[in-house]
1. Please find, among A:I77, A:I91, the residue that is in contact with a helix residue (DSSP H, G or I) (Cβ under 9 Å, 6 or more places away or on another chain), surrounded by fewer than 22 Cβ atoms within 10 Å (Cβ to Cβ) and among the β-branched types (V, I, T).
2. Looking at (1) of a type in the set (S, T, Y); (2) within 13 Å of chain B (Cβ to nearest Cβ); (3) under 23 Å from A:P157 (Cβ atoms), which is the one condition that is false for A:S267?
3. Would you check which residues across region A:257-308 are within 25 Å of A:R203 (Cβ to Cβ), surrounded by fewer than 13 Cβ atoms within 10 Å (Cβ to Cβ) and hydroxyl-bearing (S, T, Y) and list them?
4. In region A:270-285, is there at least one residue being at pLDDT below 90 and outside any helix (DSSP H, G or I)?
5. Give region A:119-159 a look and list any residue that's in a strand (DSSP E or B), farther than 16 Å from A:V188 by Cβ and open to solvent by 10 Å² or more (accessible area, probe 1.4 Å), or say none.
6. Out of the residues in region B:63-96 that are over 23 Å from B:Q121 (Cα atoms) and modelled with pLDDT of 85 or more, state the one that is surrounded by the fewest Cβ atoms within 10 Å (Cβ to Cβ).
7. Please enumerate the residues belonging to region B:112-143 that are in a loop (DSSP other than H, G, I, E, B) and of a type in the set (A, V, I, L, M, F, W, C).
8. State all residues of region A:92-150 that are more than 20 Å from A:P232 (Cβ to Cβ) and of a type in the set (V, I, T); if no residue qualifies, say none.
Amino acid sequence: MKSRGLEVSFAWIFAIVVGALILFLALYATFNFISQGQQQTDTEVAAQLVALLSPVETGIESGKYSQIQFNGETRVINRCSNVGVFGEQSIATQVRSFGNEWGEEGVAIRIRNKYVFSASSEEGTVLHLFVKPLSMPYKVGDVIVATMDNYCFIAAPNDVFDELKALGMPHVSFVERRSQCAAGAISVCFSGTGCGVQVDLARRAVTRDSKTVYYPDAVGQPLLYAAIFSDPDVYECHVKRLMKRAAELAEVYADKADLLQGSACSSDLSTELRSYAQFTRTITSSGSLGSVAREAEQLEDANNVLACRLF
Amino acid sequence: MCLLVGSSRGQLKIQQMAFVLVALMILFGLILVFYASLKTASLRTSAEDIRELQSQEQARKIVGSPEFNYPSGSCASCADFDKAFVLKRRVQQSETYNSFWNTPLLQIKKVAENEIECTSQNYPNCSTITIYNSTNSFSSVSSFIAVCFYDSTIRKERCDLGKIILGVQRT
């Protein structure tokens, strides 16, 4: 008696091997294609986000609030470099893909004329944008504060309360005690300790992640909000970039003063403006902002008495 | 003899199958190439749309930027012609402001009968200040603005109807 084993013809073996190869190639190509598509989507989201940042900039307004709604949960990556004349800001995004995993990071969009203060990585579906122009003593740029987190301000000064309440920012709540803060919200203390963000109004300092940064002016100024809502490293980098732009603008105003020299509109501010440019260009940290603010105040006083003001 | 016939029939079947598989591969490949070209075209269109949208917003907002805004502080669409001229000279002298606004064309002009480019010799008796003008091909967007400057003949600040023109890079 002959036992009949499993007979598989060569044609079947060939079909299985080639079929498996084709299947593998198809799966590999599909996987690559999806991940490439994901990266394209992320790049598009970042480009759209940057395009949407232009309308939120201020004209003659003193402050503005707006929000950007994403289609799905999105991670916004904010990088800053202060290399070069104006430094550079780059924004990249990541969108959650299949299996709740973060997709590959899209190509970063680089911008030189915007200053987005935020955590180095924000995650969520709604990006809250709060924009205020920075004047030192002329408009230097718009401070764009971006966050996806909820914040709880404890015992905030009246100026801060009035301004943020008037803008109707839904992600910022105001309470008197820390225990009243909603779960998950980042607490901001204006007096007392134990909060995620600590504001020292007397020293004009903000401590976050054990790092202290400084803002130049009284309460209600854009850099106070920037210091509260952004990572200290991002804050320091953008402060340097803003000071570099202030320096270039001082040169532009000095050139304008020279251009108008001899006319009934002439001024002698050119020298002061060029020395202000030298000073602001060499700022290495936010700790020097107090001195910059004092210099700016002197320039503003000199400008205000001119027959036709330079700025 | 029987074995030989069976073997050649088997070979024929393998050849048929290989032919079908190769044909299938080519078909899938063609479909993939077609899909990829469609996807690339739509990506290019959407990138251009975004860039154009960005330029239109920029044209409206650039006048309010510190490099162009007029000192009075009460006019969001008033450009300072003096500052624009100074900026043009700075761009010509150094590369400081190159690619700051990332646009191939940036022009501020007074609406005038004769279009005269401003130079150090004819300023302020001119109408157009071209800050950037790339030689590459691009399309442009424009927006009406007020162009303000100090007029030494009337010894007062004066505002004229003007335009800001921005270039949009084509890929």
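1. Numbers: A:I91 fails: surrounded by fewer than 22 Cβ atoms within 10 Å (Cβ to Cβ).
Of A:I77, A:I91, the one residue that is in contact with a helix residue (DSSP H, G or I) (Cβ under 9 Å, 6 or more places away or on another chain), surrounded by fewer than 22 Cβ atoms within 10 Å (Cβ to Cβ) and among the β-branched types (V, I, T) is A:I77.
2. It is condition (3) that A:S267 fails.
3. A:T282, A:T284, A:S285
4. The first filter runs over region A:270-285 and keeps only residues at pLDDT below 90, leaving none.
Checked against the condition, which is being at pLDDT below 90 and outside any helix (DSSP H, G or I), region A:270-285 yields no hits at all.
5. From region A:119-159, those in a strand (DSSP E or B) are A:121-135, A:139-147, A:151-154; that's our starting set.
Among the residues that remain, those that are also farther than 16 Å from A:V188 by Cβ are: A:121-127, A:129, A:131-135, A:139-144, A:146.
A:S121, A:E123, A:G124, A:T125, A:V126, A:K132, A:P133, A:S135, A:K139, A:D142 - these are the residues of region A:119-159 that are in a strand (DSSP E or B), farther than 16 Å from A:V188 by Cβ and open to solvent by 10 Å² or more (accessible area, probe 1.4 Å).
6. Only one residue tops the list, namely B:S65.
7. Start the filter on region B:112-143 by keeping residues that are in a loop (DSSP other than H, G, I, E, B), which leaves B:112-116, B:118-127, B:134-137.
If the condition is that a residue be in a loop (DSSP other than H, G, I, E, B) and of a type in the set (A, V, I, L, M, F, W, C), then B:A112, B:I116, B:C118, B:C126 are the ones that fit.
8. Passing the criteria: A:T93, A:V95, A:V107, A:I109, A:I111, A:T125, A:V126, A:V131, A:V140.
The values are calculated or read from the model by the stated rules, or taken from the named source; none is laboratory data. From a predicted model like this one, the values you see are computed outputs, not experimental measurements. In this analysis, Cβ positions are derived from the backbone assuming ideal geometry, glycine residues included, and neighbour counts consider all displayed protein chains. When the accessible area is computed, the model is the full protein with side chains, heavy atoms only, and any ligands, DNA or RNA have been set aside. Shrake-Rupley method; radii C 1.70, N 1.55, O 1.52, S 1.80 Å.
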